[in-house]
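Participant: Handing you a structure now.
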Amino acid sequence: MMRTWHITSVTDAARARIDTARLTAAYGVPALERTRLTTALSAHLRQCLTKGGTWRLCLEETPSLPPEDGLLRAVVTSCDDAGADGQPPWHMTVTCPEGADLSDVGPVADDAAVLAEALLGADEDTALVLEKLGEQEGLVDFHREELHQTNQGVLALHAELDAAGRAQRELFAAERKARTEAESARRRLTFLADASAVLTASLNHDEIVRRLPSLLVPEYARSVDVWLFEGEEDELRQSPRPAAAVVAARSGRPQYAADHPGGLPGVDDQPPSALHPATPLLCVPLPTRRAPLGVLILTPPGDRWDADDAVMLIELTRRASIAIDNARRFEHNRDIAETLQRALLTDLPTTPELRLAARYLPATHGLNIGGDWYDAFRQPDGSLITVIGDVTGHGLHAAVMMSQLRTALRAYAVDGGTPGQLLTRLHILLHHLQPDLYATAVIARFHPDDPMLTWAAAGHPPPVLRTPDGQVHTLDAKPGAMLGIPLRQEIGDHTVPLTPGSTLALYTDGLVERRAQGIDPGIERLAASLGAFRSQDLDTDLDGSADRLLHPLLSDSERDDDVCLLLCHLPSREAETARPSPIGLPV
């Protein structure tokens, strides 16, 4: 089916529109599609009439792919070239069911009833469109509200996500801050432990004071001044020290002197120092149980101190104070012990026939009241007994036992007896008197009428004899066992010829024994050093020779044991001829 209309006026356009509406209704085109077609057709025909000329409207039915539906296609073309303007024809297609009955659909007449009916039909279509439009608007409003609610939910979700993001960032920042603080705390604790170990490693208070600046500068302080008191009030009043340091000394509380508050825990703020007005000062007392030892005066490494660093510095100062106090106590007790030790040692007799030189050096480590001793005295027959010994262990107990052995030896020697017999009696005495203490000793006897040296040893390093020709011999004949061990023994005597110019060296193991090397290399070094002396030096300066003998033997390591040395020198013939003939040892 195809219908055609020629349109030259508004009336023609109106009839064409009415016919198109009736035909599409007869074809069963839905009202919305029909209204859309007629409305679009009216608008286009109005444009065509504005251009003028004759226009042709064709409405034709075409089959579609689905067999149950058809298509109605409206096409508007110009009947003359003037109205086309080179534009393609206007067209619009709608779907419709096939098999429509068009017998009752004729052209529109001029009958008013028909036109009214067409107008009412158009209004019905318009009402239906408006109803559908209202439904769509309601649906749009519903979806708009739904979209609004969704947007509100999205905004709320975004707010929650933003809050969660901020919370996460804050947690990350707090975690980084906590990790940084933990690392700083670990660094401070490590420094405090290491610094404490350095400070407590020494028992010399001057050394501890010297180490403090090297520990703190430059990380925790730009400068360090240790102000130690000597217990005199005048020093507190007269020394040119910062006022904050004097306040710290008197109050026992740390003081911070600057032109701004320090904000340091446990520290009092003071005005800036008149001595250093532009520099902040932290003055921390060195506390003890009785009174402060002094004040540690610090300047900051930067503008000011971190509060945690200040707390660490106060704790380090407390530990340094303990180390200094302990070192001073040790030095005081060591001086007492050394004085006691030297008081227990005897004065050597002065004889022209035999010259003696002794040296006693306490150990450099620890509080050592040792058991080393030397002695020299005459027997009733004119013999001169020289002895050197060592009681095992250290402390007051060993020193008292050493004193008892020395006294007992002198008492036994009054009754005479050889060196071996004297050592045997000391062995019995020590075993019964102090079963838990042992001793070693060497006794050498010089007799003016006997050119032989008689000696005996009990568990002690062997004597070293230098002959006038510079040869050195170790007197290592079989010695007795240590004195005091639970063993019955008779200690034997040994003899060796003496000639003028000979020198006998008696010593304790602290002179020759080294933990990493043993005792034999030390004895060899002693023998080599003694052999290097000239006989003239030994004749003229035996005391100086003793000092020169000790120096190379002890300079290679710190002493962890007491050292005793007793040099016994027979003057050479040249030395004898240089003075009047003595009464005593033959020349």
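The values are calculated or read from the model by the stated rules, or taken from the named source; none is laboratory data. Values in this document were obtained by computation on a predicted structure and should not be read as measured data. Reconstructed Cβ throughout: ideal geometry from the backbone, glycine too, with neighbour counts over all protein chains shown.
Participant: Among the numbered criteria (1) over 20 Å from V391 (Cβ atoms); (2) in contact with a Cys (Cβ under 6 Å, 6 or more places away or on another chain), which one does T508 miss?
Facilitator: Looking at each condition in turn, T508 falls short on (1).
Participant: Let me ask something else about it. Name, by its number, the condition in (1) of a type in the set (A, V, I, L, M, F, W, C); (2) within 26 Å of V129 (Cβ to Cβ); (3) at pLDDT below 75 that does not hold for A82.
Facilitator: The failed condition is (2).
Participant: Tell me, which strands (runs of 3 or more DSSP E) lie completely within the range 468-570 with 2 or more residues that are touching a residue at least 60 places away in the same chain (Cβ under 8 Å) and within 30 Å of L409 (Cβ to Cβ)?
Facilitator: Numbers: elements: 472-474, 494-497, 503-507, 563-569.
Ranges flagged: 503-507, 563-569.
Participant: Run down L504, L538 and say which single residue is buried (at least 19 other Cβ atoms within 10 Å of the Cβ) and under 11 Å from V464 (Cβ atoms). Full working, then the answer.
Facilitator: Working: L538 fails: under 11 Å from V464 (Cβ atoms).
The unique qualifying residue is L504.
Participant: Could you say which residue among D469, D509 is in the same structural domain as A358 (by TED's automatic domain parsing), within 17 Å of V563 (Cα to Cα) and either among the acidic types (D, E) or exposed (fewer than 15 other Cβ atoms within 10 Å of the Cβ) (or both)? Full working, then the answer.
Facilitator: Numbers: D469 fails: within 17 Å of V563 (Cα to Cα).
Going through D469, D509 in turn, just one is in the same structural domain as A358 (by TED's automatic domain parsing), within 17 Å of V563 (Cα to Cα) and either among the acidic types (D, E) or exposed (fewer than 15 other Cβ atoms within 10 Å of the Cβ) (or both): D509.
Participant: Right, next: I'd like the full set of residues that are touching a helix residue (DSSP H, G or I) at 6+ places or on another chain (Cβ under 9 Å), surrounded by 15 or more Cβ atoms within 10 Å (Cβ to Cβ) and in a helix (DSSP H, G or I), limited to the range 40-58.
Facilitator: Correct list: L41, S42, L45, C48, L49.
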